[in-house]
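Novice: Dropping the structure in here first, questions after.
Every number here is computed from the coordinates shown, using simple stated rules; none is lab data. The model shown is predicted, which means the values in this text are computed figures rather than measured ones. With ideal geometry, Cβ positions are generated from the backbone for all residues, glycine too; neighbour counts draw on all protein chains shown.
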Amino acid sequence: MAPKSKAASAEAAEGIETAIKTGTEAFKTGFEKAVKGYDQVLGYGKETVEAYVKSATAAGKGAETLHNEIYAYSKQSIEDSISAAKAVLASKSPQEAFELQSDFAKTAFEAYVGQVGKLNEIFVASTKKAFEPIQGRYQAWVDTVQSVRAA
């Protein structure tokens, strides 16, 4: 009986050794995949932060452009209003004052409409530039998750 139990012990030891080797290899493979996935996620995070910084910079430049344009328009509008008021006050008759005021109102309205269109164009262009860097980050996230899952 001793030889049978030695053979059974040897088989059991061999089976345990094989199971340990297989488990170790599976653990090593799984750990390497996890580290690789972690590195990919960290890389995604770094690229995303860079994209947000670029986006914020573009948004800041757009806001500055809008501010400068509004300031310039406001300054010009005030100067035009003062000139029109002086002209109305210097008019010789109520008819002339009415005509000057009407012309000023028409000109001011046309300038305002033109300025609103210009500001709209600046806003749209600035928004596009601000979203450009982060636009592709969503697809990059999907690609990262799928590549980690597939690995």
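Novice: What ranking do 53-62, 85-94 get when scored by the average of other Cβ atoms within 10 Å per residue, highest first?
Specialist: Put in order of decreasing packing, that is 53-62, 85-94.
Novice: Over region 43-140, what relative contact order in percent results from Cα pairs under 8 Å that are six or more residues apart? Could the numbers behind the result be given before it?
Specialist: Working: 50 pairs, mean separation 56.0, N = 98.
After rounding, I find 57 percent.
Novice: Using the structure shown, select from LYS46/LYS128; LYS21/LYS46; LYS86/LYS118; LYS92/LYS118; LYS106/LYS129; LYS54/LYS118 the pairs with a Cα to Cα distance greater than 26 angstrom. Each step should come with its number before you reach the end.
Specialist: Numbers: LYS46/LYS128 22 Å; LYS21/LYS46 37 Å; LYS86/LYS118 29 Å; LYS92/LYS118 37 Å; LYS106/LYS129 35 Å; LYS54/LYS118 24 Å.
Result: LYS21/LYS46; LYS86/LYS118; LYS92/LYS118; LYS106/LYS129 exceed 26 Å.
Novice: Give, in nm to one decimal, the length gained when the segment between LYS86 and ASP103 is fully stretched (0.36 nm per residue of separation minus the Cα-Cα distance).
Specialist: Stretched out fully, the LYS86 to ASP103 stretch lengthens by 4.7 nm.
Novice: Report ³J(HN,Hα) in whole Hz for each residue of region 126-141, in order, from the Karplus equation J = 6.51 cos²θ - 1.76 cosθ + 1.60 where θ = phi - 60°; Gly and Pro get x.
Specialist: After applying 6.51 cos²θ - 1.76 cosθ + 1.60, I find 5, 5, 4, 5, 6, 8, 3, x, 9, 4, x, 5, 5, 5, 5, 5 Hz.
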